[in-house]
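Right, one structure below, let's go through it.
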Amino acid sequence: MKQKNADKPNQYPEYDQLHLPTIEKEILKWWEENKVFEQSVNTRPDNKRFVFYEGPPSANGKPGIHHVMSRTIKDLFCRFKTLQGYRVERKAGWDTHGLPVELGVEKQLGITKADIGTKITVAEYNKLCREDVMKFTDIWNDLTRKMGYWVDMDNPYITYENNYIESLWALLKMLYDKNLLYEGYTIQPYSPAAGTGLSSHELNQPGCYRNVKDVSAIAQFRLLQTSSEGGGLTAKIQEGVERGGSPFGGQGAGEVYFLAWTTTPWTLPSNTALAVGKDIEYVLVKTFNQFTHQLIHVILAKDLLNKYFPAENAELNFEEYNKGDKKIPFVVLQSFQGSELEGIRYEQLLPYAQPKDGDAFRVVLGDFVTTTDGTGIVHIAPSFGSDDFKVAKQNGIGSLTLVDRSGKFTDEVNDPVFPLQGRYVKEAYLTDAEKEQEFKLQHEILRTNNIIADLKSYMSVDDLIVLKLKLENKLFKTEKYEHNYPHCWRTDKPVIYYPLDSWFIRTTAIKDRLIELNKTINWKPAHTGEGRFGQWLENLVDWNLSRSRYWGTPLPIWTTEDGSETKCIGSIEELKKEIIKAVEVGVLAPHQIIFETENERTFFDDIKSKTSLSERLDSKFAELSLHKPYFDNIILSSDTGKPMKRVDDLIDVWFDSGAMPYAQWHYPFENIEKFQKNFPADFIAEGVDQTRGWFFTLHVLAVALFDSVAYKNVVSNGLLLDKAGNKMSKRLGNVIDPFDTIEKYSADATRWYMMRNSDPWENMKFDLNGLQDVIRSHFGTLYNTYGFFALYANIDSPQTPKGVFKDNSNYVELDRWILSKLNTLIKETTAFYEDYEPTKAARAIEKFVDDDLSNWYVRLNRRRFWKGEMSDDKQAAYDTLYHCLNTVAVLMSPISPFFSDWLYKNLKGKELSVHLEYLPTANEAFIDNDLEERMELAQRTCSLILSLRKKEKIKVRQPLMKVLIPVLNKKMKTQFSKVESYILSEVNVKAIEYVDDASGIVKKKIKPNFKELGKRAGAKMKAIQNAVMSFTSDDIATIEREQKYNLQLDGEVFVLLIGDVEILTEDIPGWLVASESGLTVALDVTITEELRQEGNAREFVNKVQNLRKDKDFQVLDRIKVSVVKNETLEKTLAIFKDYIANEILAKEIVLVDALSEFDEVELNEEILKVKVELN
RNA sequence: AGUCUCGUAGCUCAGGUGGUUAGAGCGUUACACUGAUAAUGUAAAGGUCCCCAGUUCGAGUCUGGGCGGGACUACCA
């Protein structure tokens, strides 16, 4: 910004107008030229560290305004700790792997995942990913600079670098050695047609979910009835059955079945459990099977009863039922809660195979069970549904996987009658020709087995199973059911859920420790740690690390074909050794080692000796990246000499970022000491969406590897929404560009607004109007306050205050007051920052600057600054104001680093920076609560008096004689007397008269002090309240005198203490009174002739001052004033001429008969003709 | 569906441990002030504290149930 007095180097700079973006550009340039960030780190000692971890952003997307939010939080606490003298090194980082990068490249090339390895080599593809991921780095760095986020961008950690990946391998190996890394399976979407698993992203491609019609079936699962076999509810069921008139326990008529619905009958052979809802009510119903017409008892959810049993059929007589009747009679015999059904055993529906482990064929509780569809009882096939898998695992139930990876039934599904073995479970997997051939076969088999004489068309596996169930009295109902079903985006064929091999980190093994250590972490807000994160840990499942993609860290695990032997490689060195060993053993031919080109083959083909192989590997590894495909073909030798292939998977990118405390230093290969000094972090901060992301993976790895937390304090900020509360999205066009915002409104205002508006963990509605307010009200006020200081300091040239004052005893009340406030502010702000409460800190600073410093201290002190020559009192005023401004600059510097530095430089010198300062400590001796209290009393009193003036329409400029203030006690009077002068001058009244009891004119009012009295009175409260409210003034006098009062309540005596009541003054009969929270003032509004003259004088001064200003006179210019004769003014001048002349710096005031040139001014309804000229 | 969270003035937000007139700023309206002047002050209007029930002498605050917004996680037999 342009400095007005730049030619006067010894002065405080003065400026025309505040423009924050300009300030920021200047300051930024200065920071960079002087390496202020580096200095702010290097000037702090190595042995006093505050460790911060930067959560790596992905540079393949552009930064948004929400990044300004989270980075402001990171930056401000690092800056705060620097002020406290800590050394805060901040290493930047980039997250470079993962699906978004791959998808971006695929889109750019117009290819799909299937084309990788065919249309484009994996090596080329990964090269493109590598280039692409860093494409917005410059934009990110630019934002980092412009928003004033101090982080070391020159030495970032980058997750795709070999050193980083090698560290990851070392960590994986550590986990492997601790038996925390294992191979298992999860139920994932799988496309048998493509032979590959699908990610949830792939499943969410448009068009993948389609409405299809499938055969659905409600199967009957027969309850095992003897008490030795069944669960606890047998007796209740038996009672119900017998009440219905059937014998329980026998075969036939007394059988009881669970009804369970499925849209995938092909999973029924793999059924191993049934799930019911704990709080769902179930009923036992007696009826007939519609296909076999046998008498049956079935159990289903009560809510769904009438879906299958029309209410009117309850009237039907069982005796009159004939086979084939459309209307089937039923009767409800019993009802129970789902929880009562738990543990009951049933007969396996289709016993083709038995699960190898676990205790199957029981009823379990599942919280996913609903009564919106089906029967309220869910068929569980753990291999083909992830809910199923989870609930089975929780309940120790084994699984059956009677479908192979090509989507066909296994050989175990060997049915003597129905052709199921080796058949595709989905009709869609068959070609028309296959279907035709299969149809012929089915026709023949069903005919010879006397099931269907002349089959008309192909029957799907689902159809066959339904038919089989029907014949065996195991089917309750079947129908075509239309539902949304996922399809493979590549083959268009339906997807099935299928158990797929994966590598896991056994987080469940360290669950207790994860929970325990989490309790030592300081979460902001606390509920994210206890609630969201805590719940997540309580319900922990093992971390599935496997990803079948291309651009990422390869899982360094090799296994033998049969999976009996595995090896985890923890370093490049180890890999080289294993390669050499493999070549020696003979499982790996040199030409297989690496890689893709003919050149490389010959390169390794002519290996003659071990030494040369080792050397060549060294040179090769030096130039290769540790990504696919370079290890895919390497075959290692197991300990028993068997060949081992690498597991094809990559690892979850969250492992990459969770490992940054170690991998950023290439630990454990280098920098071991550096790592130790920087672990764990004192502080991290990210969006709340990282709770299950980065926050989680950091925690898991730290606990698993080092039995430590990874971070001690964590701030998770909420979402940034548009001003209407909608999520910002390109589609809605409500995205706010961070660069535009900074350019137009400045980074400081943005940062300040974000921090002061609401706690960062709340979702924030971002409104540009809010920025405007912040600039005007906060920065504008502070800027004006500085401007005021500079304006007068440049005239008076006070001594530059040095250091901190030790003594304020000679200072006037107002100075001591603002210094008291200031020291309170230092204390509070420090505590807020230390507690990671930036909003409270910002608001406290804002209140101090706007309310206390500007609107009270400066306003009341203005006269002191422009009146007279330099004096001790003036010096005290300058010292005080300077000290306040300087301290505010330091306190606010973490949040708004630019403006605070600008302010600091203006005050202390251009060569200094606030960011190299140290945080001031509060001087307790300066904090005076009584003083703060009485100043507040003064403010409230002024406010009341001004409101009275207002009511009476008496200008403040019109002096008044006196104001009456009732005081309740001595302390109040003392308090008032010390601030009396401020009140009088602020409200332009000549005297305060204090009235107390003795005066007899104050009317008192009493009411219970509920908080105090409530403790003792309890239920008597109402009665006491009534009694107290009807106290006479004598009663009040009594309690004041005696300090207690014996209250008669229903014959009992209740001793009322003085502390149990509040006594207020509220009225002074005959006076103009205003009252608020126990403070009452009465104003004498009589305007005497003398007062009127004085008012006129002040009015005249005011008008002339306005003229001076209109004419652009300088503050110190002397003037001559001529006025056309006027009687009123003449009278006023007779008394107040000296006063007026002094105020307006007039050498002469003359009354003349006429003026050729003049201005008209209004003086209390009279028009004066006035000429003002320089003298 | 589960977990967490939020709901107070037109808007943005404060309101330890329950206490009787529920606050601030912005905005609106009116008035004032004027040696900080694109600054400042005062006042007015504006509230079923999301709803219902409970505990209590007393609930914005505690308990239960609902409604609505948001985030995350998962699923749809």
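The values are calculated or read from the model by the stated rules, or taken from the named source; none is laboratory data. Bear in mind the structure is a predicted one, so any value in this text is a computation, not a measurement. FYI the Cβ positions are ideal-geometry reconstructions off the backbone, even for glycines, and counts take in every protein chain you see. For accessibility, only protein heavy atoms count, side chains too; no ligands or nucleic acids. Shrake-Rupley method; radii C 1.70, N 1.55, O 1.52, S 1.80 Å.
Ranking A:Thr22, A:Thr829 from most to least accessible surface, computed with a 1.4 Å probe over the protein chains only, gives A:Thr22, A:Thr829. Could you list the GluC sites (Glu not before Pro) in the stretch A:1132-1167 that lie in coil according to DSSP, counting only those with at most 15 other Cβ atoms within 10 Å of their Cβ? Hits after loop and neighbour filter: A:Glu1157, A:Glu1165. With one equal scatterer per alpha carbon and no solvent term, the Debye-computed log10 I(q)/I(0) for the stretch A:1007-1161 at 0.17, 0.20, 0.21 1/Å reads -1.01, -1.19, -1.24.
Convex hull volume per residue, computed on the Cα atoms of chain A, equals 290 Å³.
Relative contact order for the stretch A:1005-1069: what percent, with Cα pairs under 8 Å and sequence separation of 6 or more? Contact order relative to length: 44 percent. What separates the Cα centres of the stretch A:539-594 and the stretch A:383-453 is a distance of 36 Å. Secondary-structure-derived ellipticity at 222 nm for chain A, considering helices only, amounts to -12000 deg cm²/dmol, per-run term -39500 (n - 2.57) for DSSP H runs with n ≥ 4. Expressed as a fraction of 2.2 N^0.38 Å, the value expected for a compact globular protein of N residues, the C-alpha radius of gyration of the stretch A:1089-1174 is 0.99.
Averaging the Cα positions of each part gives two centres, and for the stretch A:889-904 and the stretch A:1042-1068 these lie 54 Å apart. Using C-alpha pairs under 8 Å with a sequence gap of at least 6, the mean separation divided by the residue count of chain A gives a relative contact order of 11 percent. Where both bridge residues fall in chain A, DSSP classifies roughly 70% of the beta bridges as antiparallel. Taking the Cα centre of chain A as reference, the dipole from Cβ charges on Lys and Arg (+1) and Asp and Glu (-1) amounts to some 1200 debye. Given Cα pairs under 8 Å that are at least 6 residues apart, what percent is the relative contact order of the stretch A:1124-1168? This gives 44 percent for the stretch A:1124-1168. Averaging Cα coordinates gives a centre for the stretch A:285-343 and one for the stretch A:1070-1134; these two points are 98 Å apart.
You can think of it this way: the chain between A:Ala526 and A:Lys847 has 112.9 nm of extra reach, that is 0.36 nm per residue less the Cα-Cα gap. Applying both filters, DSSP loop and at most 10 other Cβ atoms within 10 Å, to the trypsin sites (Lys or Arg not before Pro) of the stretch A:386-482 gives A:Lys456.
A viscosity of 1.002 mPa s and a temperature of 20 °C, combined with the Kirkwood radius over Cα pairs in Stokes-Einstein, give a translational diffusion coefficient for the stretch A:791-865 of 152 µm²/s. Loop-only check: which GluC sites (Glu not before Pro) in the stretch A:659-737 are DSSP coil with at most 13 other Cβ within 10 angstrom? Here the GluC sites (Glu not before Pro) that fit, given the DSSP loop and packing criteria, are A:Glu670.
Residues of chain A were split at every exposed loop site, defined as chymotrypsin sites (Phe, Trp or Tyr not before Pro) in a DSSP loop with at most 13 other C-beta atoms within 10 angstrom, and the longest piece left, sites excluded, is A:369-917. Amide H contacts of A:Lys962: A:Lys990, A:Ala991, A:Asp1084, each under 5 Å away and 5 or more positions distant or on a separate chain (H built 1.01 Å from N in the peptide plane; Pro and chain starts excluded). Pairs of Lys residues in the stretch A:627-757, spaced 8 or more positions apart or belonging to different chains, with C-alpha separations under 30 angstrom: 7 in total.
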